[in-house]
Amino acid sequence: MARREGLFVRRSVCLGLFLLSGCGGAPTTPASGATGDTPAVHYSFGVDPELRTLSATVCPRDLRFTHLRMTTPELLDRVRRPRLVQATGDVPLEFEEDAVPIASMADGACIGYDVDLGPPGEGFWITHGDAHVLAAPDVWLLAPEPRPPGTRLTASFTLPPGVHAAVPWPGDPRGYRVPETAFTMRGAGAFGKLERETVRVGGAELDLVSLGGGFGARAPLVTQWMQRSASALTHLHDGFPVPRVMALLIPQSGSDVGFGMALRGGGPTVMILVGSSITPEALDAEWTAVHELFHLSAPRFQSKDVWLSEGLATYYTYILMARAGMTKEQGAWDDLQDGFRRGSRRGTGRTLRQESIDMHETHAYQRVYWAGAALSLLADVELRKRGVEGGLDGPLRELARCCARSEEAWSAEQFAAFVDQKTGQAVMGPLFERYIDRADFPETAEILAALGVKGAGREMTLAADAPRAGVRSAMMAPRAGGKGP
Ligand SMILES: [Zn+2]
């Protein structure tokens, strides 16, 4: 996620999500009663014109449900009237803890339930805006159990005129195919008035969904910014690293970009708050989209290792923006150096490991994000010094290919072992070992001096005769095959 100083007003939004991210979904167990045909489940969803109630009907084929489970149990009071829907009339069902047990179901019967989408809730899960509601599928998509491997899950929406649905799920002749990750990882979704535009970047489809009234005459600016930001990823990867991304762009008051977040449930998604009176100047060197899109190019990391996931994203945001020509090389070094300075001052004296675990209580975000970015810089430079062409780029490219969409949450140790194995160098592991259990900020001054980064702000110069000046310019140089700004 992307953070700004002083953005505490939105903290509850991401805090709720962070605490819940990576929560497990429903277990899958072999089905009994399947007939040998491919088991299938179809969801039919409807939403009322006021966007207050969602109604769902879930129909199995060649599959017997034993339970329908809420994957976000803390929002259970939103789900109403679970019922067996059958030809002879509806039969009320009851929740037992976070699931509705289903004792028996006649052939052709379905399960129905309603979800209260209003009044507006606090935080991320349900938020009402201008003629739209941001409602994560985690709130309204109940998980059928069992779901034997190979079960085909599809969904369709029947909506009032002018109301549209936005979900990250791939299309299907029946509407959408619901991926298993919709039950196991947090996702985003919305209903209501929305503007939609699909653009292609680096071989991928970027599904741009602007909620409510959208951005009016400023819409092309926002689209170009998203395209430019997605193109920046092609200066690290071979094309854009995942085939499709849904970008939920949420208008907010003001003229700048606010909070952003990357989500994986049901398909790669970024959610970004954008000022409805956004200006070209504000978007000129705006980093939030590059940062969130970078997250989608790496695997999910364990939440205890947030210093690594945010560190890599923070470091590469500036590197990729310079490579793509969104910022000048000097500006990128100035931003990085400035971040290291802030990060080194904002710790609470905890070790990096503990600071990461306690980050949402201590608000030591700067220390955690920038310590991770500093370790990324140290590793990148060290690999390049040892003759590994492209430094960290190579292993990250391979990691995106194998694992960007994997459901597994990686640990820092696993990542270090991966990088060291791919590069044939013992760099990442020893670096992590040296800093993870220490309270002091990684030492960057010496490296920056060797790279030729001198002074700060307007006084900054990049010395061409520094010992590692060649490494420095190679790090920020556009990648052959990368797309322009
Ligand atoms: Zn982030």
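No value in this document is a laboratory result; all are computed from the given coordinates. As the structure is a computational prediction, the values presented were derived from the model and not from experiment. When we count neighbours, we look across all protein chains shown, and the Cβ atoms used for this are built from the backbone with ideal geometry, even at glycine.
Just need log10 I(q)/I(0) for the chain at q = 0.07, 0.09, 0.10, 0.13 Å⁻¹, Debye formula, equal scatterers on the alpha-carbon atoms, no solvent, rounded to two decimals.
With one equal scatterer per Cα and no solvent, log10 I(q)/I(0) is -0.39, -0.64, -0.78, -1.21.
Over the range 75-126, what number does the Rg to Rh ratio reach, with both radii from the alpha-carbon atoms and Rh per Kirkwood? It would help to have the intermediate numbers written out before the result.
Working: Rg = 13.4 Å, Rh = 12.5 Å.
That ratio equals 1.07.
Normalised by the number of residues in the range 193-297, what is the relative contact order in percent for Cα pairs under 8 Å and 6+ residues apart? Could you put the intermediate results ahead of the total?
Numbers: 223 pairs, mean separation 28.1, N = 105.
Worked out over the range 193-297, it gives 27 percent.
Give me the Kirkwood hydrodynamic radius of the range 84-209, using the inverse of the mean 1/r over all pairs of distinct Cα atoms, in Å to one decimal.
Numbers: mean 1/r = 0.0589 Å⁻¹.
For the range 84-209, inverting the mean 1/r across all distinct Cα pairs yields 17.0 Å.
Using only alpha-carbon positions, what ratio does the radius of gyration of the range 303-476 give when scaled by 2.2 N^0.38 Å? Write down the numbers at each step before the final one.
Numbers: Rg = 15.6 Å, N = 174, 2.2 N^0.38 = 15.6 Å.
Dividing the Cα radius of gyration by 2.2 N^0.38 Å gives 1.00.
Report ³J(HN,Hα) in whole Hz for each residue of the range 155-167, in order, from the Karplus equation J = 6.51 cos²θ - 1.76 cosθ + 1.60 where θ = phi - 60°; Gly and Pro get x.
8, 9, 10, 10, 10, x, x, x, 9, 10, 10, 10, 9
Determine the relative contact order of the range 303-476: mean sequence separation of Cα pairs under 8 Å and six or more apart, normalised by residue count, in whole percent. Numbers along the way, then the final one.
Details: 222 pairs, mean separation 46.0, N = 174.
26 percent.
Find, among the trypsin sites (Lys or Arg not before Pro) in the range 333-426, those assigned to loop by DSSP (not H, G, I, E, B) with at most 13 other beta-carbon atoms within 10 angstrom.
Numbers: sites: 341, 342, 345, 346, 350, 353, 367, 384, 385, 386, 397, 401, 405, 422; in loops: 346, 350, 386, 405.
Filter output for the range 333-426: 386.
Of 135, 374, 59, which is farthest along the charge dipole of the chain in the positive direction, counting Lys and Arg as +1 and Asp and Glu as -1 at C-beta?
Farthest towards the positive end: 374.
Which order do the peptides 96-104, 50-58 come out in when sorted by mean C-beta neighbours inside 10 angstrom, highest first?
50-58, 96-104
Kindly work out what percent of the DSSP beta bridges joining two residues of the chain are antiparallel, to the nearest 5. Let's see the in-between values first.
Details: 58 of 79 bridges.
Antiparallel: roughly 75 percent of the beta bridges in the chain.
Could you tell me the ratio Rg/Rh of the range 212-267? Both radii from Cα atoms, Rh via Kirkwood. Show your work: numbers first, answer last.
Details: Rg = 13.0 Å, Rh = 13.2 Å.
Radius of gyration over Kirkwood radius for the range 212-267 works out to 0.99.
Just to check I understand the Karplus step: with θ = phi - 60° and J = 6.51 cos²θ - 1.76 cosθ + 1.60, what whole-Hz values come out for the range 204-215, glycine and proline as x?
3J(HN,Hα) across the range 204-215, in whole Hz: 9, 9, 10, 8, 8, 10, 9, 7, x, x, x, 10.
Mind putting a number on the dipole of the range 127-218 about its Cα centre? Charges go on the C-beta only, +1 for Lys and Arg and -1 for Asp and Glu, and I need it in Debye to the nearest 20.
Working: 9 positive and 9 negative charges, 22 e Å.
Magnitude of the dipole: close to 100 debye.
Which value, in nm² and rounded to one decimal, describes the direction-averaged projected area of the C-alpha convex hull of the range 193-297?
Details: hull surface 23.4 nm².
Computing the convex hull of the Cα atoms and averaging its projections yields 5.9 nm².
Taking the simple approach of a point 7 Å from Cα along Cα-to-Cβ for both residue 401 and residue 465, what is their distance in nm?
Modelled inter-label distance: 4.2 nm.
Picking from 268, 251, 315, whose Cα lies most toward the positive end of the charge dipole for the range 248-334 (charges on Cβ: Lys, Arg +1; Asp, Glu -1)?
Final value for the positive-end residue is 268.
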